[in-house]
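Student: This is the structure I have questions about; it appears just below.
The values are calculated or read from the model by the stated rules, or taken from the named source; none is laboratory data. If you're wondering where the values come from, they're calculated on a predicted model, not measured in any experiment. Here Cβ is always computed from backbone atoms with ideal geometry, including for glycine, and neighbour counts include all displayed protein chains.
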Amino acid sequence: MLSKKRIIHIASWHQIQNEDQFGKDLALVASRIPQELVRIGLLGDGADYLWKHMTVSFPKGRQILDYYHCAEHIYKVAKAQYGEKLFKALEWVESTISRLFFAEVDNVIRGLRRMEPKNDDAQEEIRKLIGYLNNNREKIHYQGDRKGGYPIGSGGIESAHKFIAHTRMKRSGAWWVKETGDGMLRIRCAIYNGTYDKVFESYKSANLSQF
């Protein structure tokens, strides 16, 4: 949630699931949010299935392509095209990222098309970056996102995932099946969402009713 000065954490949700279940659960989350009363930012990488479900559940959300994921694609082109010419590669990367920050997607694509690929690898990386930018052009507006107080990178989300999920689930020697893994994730989320007591009481009531 966005306040006037910062993003306020409301809840964390981590589950092991396939795409179909992800879509159903996201729709459930959306049904419990008064979308007409809040600003919603949809932040993700280039995975089509994420955007398909996020835009269905939050049709008025502001779509934002993860800035740092986008930058990774640009660095791949720089490495393939300029090789060991570190200064030239860095100069190109910084100018390209700066243009994207100001939503100059068309200018970047024109520049990529004018490039003379160094080799087949460079040609392929350039081709992939052009397609990536074309497919996500409506999600690239980082200057406006910054002004609006929206996050442009998923670092905070990924850090929360490592802290809540990985710390407990990926311990040395730990093995999980989906059912017990999801159960542990529900407990972890409940602890950090401040709802553990409520969740545990609900669990006890459900189990006592069986006797």
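Student: Ala103 versus (1) outside any helix (DSSP H, G or I); (2) out of contact with any Phe, Trp or Tyr (no Cβ under 7 Å at 6 or more places or on another chain); (3) closer than 30 Å to Asp25 by Cα; (4) not aromatic (Phe, Trp, Tyr): which is the lone unmet condition?
Tutor: Status for Ala103: all satisfied but (3).
Student: Considering only region 140-159, how many residues are in contact with a helix residue (DSSP H, G or I) (Cβ under 8 Å, 6 or more places away or on another chain) and either surrounded by 13 or more Cβ atoms within 10 Å (Cβ to Cβ) or of a type in the set (S, T, N, Q) (or both)?
Tutor: 7
Student: Same structure, new question: Note down all Cβ pairs under 8 Å where the first residue falls in region 170-188 and is among the β-branched types (Val, Ile, Thr), the second is modelled with pLDDT of 85 or more, and they're at least six residues apart or on different chains.
Tutor: So the pair list comes out as Ile187/Tyr196.
Student: Condition first: part of a helix (DSSP H, G or I) and at pLDDT 85 or above. Now tell me which residues in region 168-182 satisfy that.
Tutor: Arg168, Met169, Thr180, Gly181, Asp182 - these are the residues of region 168-182 that are part of a helix (DSSP H, G or I) and at pLDDT 85 or above.
Student: Further, regarding this structure: Among the listed residues Gly83, Gly46, Gly41, which satisfies the condition of being touching a Lys or Arg at 6+ places or on another chain (Cβ under 6 Å) and either surrounded by 13 or more Cβ atoms within 10 Å (Cβ to Cβ) or under 28 Å from Glu19 (Cβ atoms) (or both)?
Tutor: Exactly one of Gly83, Gly46, Gly41 is touching a Lys or Arg at 6+ places or on another chain (Cβ under 6 Å) and either surrounded by 13 or more Cβ atoms within 10 Å (Cβ to Cβ) or under 28 Å from Glu19 (Cβ atoms) (or both), namely Gly41.
Student: So which of Leu133, Leu185 ends up being at pLDDT below 95 and buried (at least 16 other Cβ atoms within 10 Å of the Cβ)?
Tutor: Leu185
Student: Now a separate question. Pick out the one residue from Ser159, Ser172, Ser154 that is more than 27 Å from Asp45 (Cα to Cα) and of a type in the set (Gly, Ala, Ser).
Tutor: Unique residue meeting the criteria: Ser172.
Student: Follow-up question, since we're still on this one. Pairs needed: first member in region 189-202, in a helix (DSSP H, G or I) and exposed (fewer than 14 other Cβ atoms within 10 Å of the Cβ); second member anywhere, modelled with pLDDT of 85 or more and not hydrophobic (A, V, I, L, M, F, W, C); C-beta distance under 6 Å; at least 6 residues apart or different chains.
Tutor: Short answer, once both residue conditions are applied: none.
Student: Let me ask another. May I ask you to list pairs of residues, at least six apart or on different chains, whose Cβ atoms are under 7 Å apart, with the first in region 83-108 being within 15 Å of Ile130 (Cβ to Cβ) and the second being outside any helix (DSSP H, G or I) and β-branched (Val, Ile, Thr)?
Tutor: Partner pairs satisfying both residue conditions: Leu100/Ile140; Val105/Ile140.
Student: If you don't mind, another one. For region 49-72, name all the residues that are buried (at least 17 other Cβ atoms within 10 Å of the Cβ) and either polar (S, T, N, Q) or touching an Asp or Glu at 6+ places or on another chain (Cβ under 8 Å) (or both).
Tutor: His53, Ser57, Gln63, Ile64, Leu65, Asp66, His69 - these are the residues of region 49-72 that are buried (at least 17 other Cβ atoms within 10 Å of the Cβ) and either polar (S, T, N, Q) or touching an Asp or Glu at 6+ places or on another chain (Cβ under 8 Å) (or both).
Per-residue answers, yes or no, for (1) under 23 Å from Asp48 (Cα atoms); (2) part of a helix (DSSP H, G or I); (3) over 23 Å from the mean Cα position of the chain (by Cα):
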| residue | (1), (2), (3) |
| --- | --- |
| Ile64 | yes, no, no |
| His73 | yes, yes, no |
| Val77 | yes, yes, no |
| Ala89 | no, yes, yes |
| Val93 | no, yes, no |
| Glu116 | no, no, yes |
| His161 | yes, yes, no |
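Student: Right, next: Among the listed residues Tyr132, Tyr150, which satisfies the condition of being assigned to a loop (DSSP other than H, G, I, E, B) and either in contact with a strand residue (DSSP E or B) (Cβ under 7 Å, 6 or more places away or on another chain) or in contact (Cβ under 8 Å) with a residue 12 or more places away in the chain (or both)?
Tutor: It is Tyr150.
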